[in-house]
Amino acid sequence: MKNKFIGILICVMLLVIMLPITALGTTIASEPQMTTSGPFDQTSVHGFVLFKGTLDQGKILHFFAIRLHYTTTNLFGESYSGIKLMEPVEIPSSITGYVGYWYISGTFRGSFDA
């Protein structure tokens, strides 16, 4: 009786440990990877940013993304989305939308470099 209880306890412990590990592995592996960016890509972004500035005589907007959600749709209708967390980002300054002091929301032609 004691050995059966220990066997059941070991099986339950293995399930508790192994199920989250396998679920985490499949979630990471199934995320799409962007490989190229075409001239007809359309990207929409929204999120919180810091330290906004411009480069190349005002053609590029650069900032530090605290949490920035983006969705890129290419010419064939495929869409890629993701989150930029705590990293510097550069986008064209021709963004259509709201570019505030702490928050950015809008769309622009092109995509992030993967």
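No value in this document is a laboratory result; all are computed from the given coordinates. Please read these numbers as outputs of a predicted model, since none were measured by experiment. Using ideal geometry, Cβ is built from the backbone for each residue, glycine included, and neighbour counts are taken over all protein chains shown.
Amide H contacts for D41 (H built 1.01 Å from N in the peptide plane; partners 5 or more residues away or on another chain; cut-off under 5 Å): G110.
Order 58-71, 88-101 from most to least packed using the mean count of other Cβ atoms within 10 Å.
The peptides rank, most packed first, as 58-71, 88-101.
In straight-distance terms, cross-link reach from K59 covers every one of the lysines whose alpha-carbon lies under 24 Å from its own, apart from those fewer than eight places away in the same chain; here that gives K84. Using 0.36 nm per residue and subtracting the Cα-Cα separation, the extra length available between S81 and H46 on full extension is 11.4 nm.
Structural descriptor for region 59-114: relative contact order 32 percent, calculated from alpha carbon pairs under 8 angstrom and at least 6 residues apart.
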